[in-house]
Amino acid sequence: MRSHEVTAGRTLVVVMDHGEDFYTALADACQVHGIRQGYIPMFIGGMSSVEIVGTCERLEDPQAPVWSKVHLTNVEALGAGTLAYDDTTDTVLPHIHVSVGLKAQSAVGHTSHLLAATVQFVTELVIIEVTQPAMSRPRQPHLYDVPLLRIDSIPGV
């Protein structure tokens, strides 16, 4: 277990419009407002298509991450995540999980890691900026090369 007290900065509300790519709009909002790291306590909205991590195949190694995806259409979504910063590429690295309900199938639900999404009508999200300490997402070679959140210690703490 690792934990650190963080200093919250600004709070932003982002409205993504019909037809926008979720991750492109998120990256644009972060760039426009100079957000490098933070968290998304929630987002809600409709999505015309989503890709989430999942499979119907038997897993050779149940402990290993699943890299395949499931494609769903016409969903209502609720999600949350974290934003870390990669200083080598000067990009924000989101880690988003989502629960979606298929509108045309009695709102049957799916929950997993969000890989891609296109906004349908509107998606609204809140970003809480973290000003310190630094948050990054280095890959972990000993854990299937999964990028895990790292929170750097504040000097003197």
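The values are calculated or read from the model by the stated rules, or taken from the named source; none is laboratory data. Everything numeric here is computed off the predicted structure, so don't read it as measured data. Cβ atoms come from the backbone with ideal geometry, glycine included; neighbour counts cover every protein chain shown. Surface accessibility is based on the protein's heavy atoms, side chains included, excluding ligands, DNA and RNA. Shrake-Rupley method; radii C 1.70, N 1.55, O 1.52, S 1.80 Å.
For the chain, take the longest principal axis of its alpha carbons; what is the angle in degrees between that and the long axis of helix 22-33, to the nearest 10 within 0 to 90?
So the helix axis and the longest Cα principal axis differ by about 30 degrees.
P(r) of the chain in 10 Å steps, Cα pairs, percent per bin?
In order of increasing distance, the bins hold 10, 36, 34, 17, 2, 0 percent.
Only Cα pairs under 8 Å and at least 6 apart count here; give the relative contact order of region 35-157 as a rounded whole percent.
Answer for region 35-157 is 32 percent.
With a 1.4 Å probe and all protein chains left in place, how much accessible area per residue does region 17-157 have, in Å²?
57 Å²
Which of Thr24, Thr88, Thr11 ends up with the largest GNM mean-square fluctuation for the chain, with Cα atoms connected below 10 Å?
Sorting by GNM fluctuation, first place goes to Thr88.
Order Ser106, Ser3 by their accessible area, 1.4 angstrom probe, all chains in place, largest first.
Sorted descending by solvent-accessible area, the residues read Ser106, Ser3.
Once the Cα gyration tensor of region 1-92 is diagonalised, what are the square roots of 5 times its eigenvalues, in whole Å and ordered largest first, as equivalent ellipsoid semi-axes?
So the three semi-axes of region 1-92 are 26, 21, 13 Å.
So what's the gap between the Cα centers of region 81-125 and region 1-51, to the nearest angstrom?
9 Å
Please report the carbon-and-sulfur percent of the accessible area for the chain; probe 1.4 Å, protein heavy atoms only, DNA, RNA and ligands left out.
On the chain, the fraction of accessible area on carbon and sulfur atoms equals 55 percent.
Treating the beta-carbon of each Lys and Arg as +1 and of each Asp and Glu as -1, no other charges, what is the dipole magnitude of region 54-135 about its Cα centre, to the nearest 20 debye?
400 debye
Roughly how big is region 36-82's charge dipole about its Cα centre, with Cβ charges of +1 (Lys, Arg) and -1 (Asp, Glu), in debye to the nearest 20?
It comes to approximately 200 debye.
For Arg58 and His142, compute 0.36 nm times the residue count separating them, minus their Cα-Cα distance, and round to one decimal in nm.
27.9 nm
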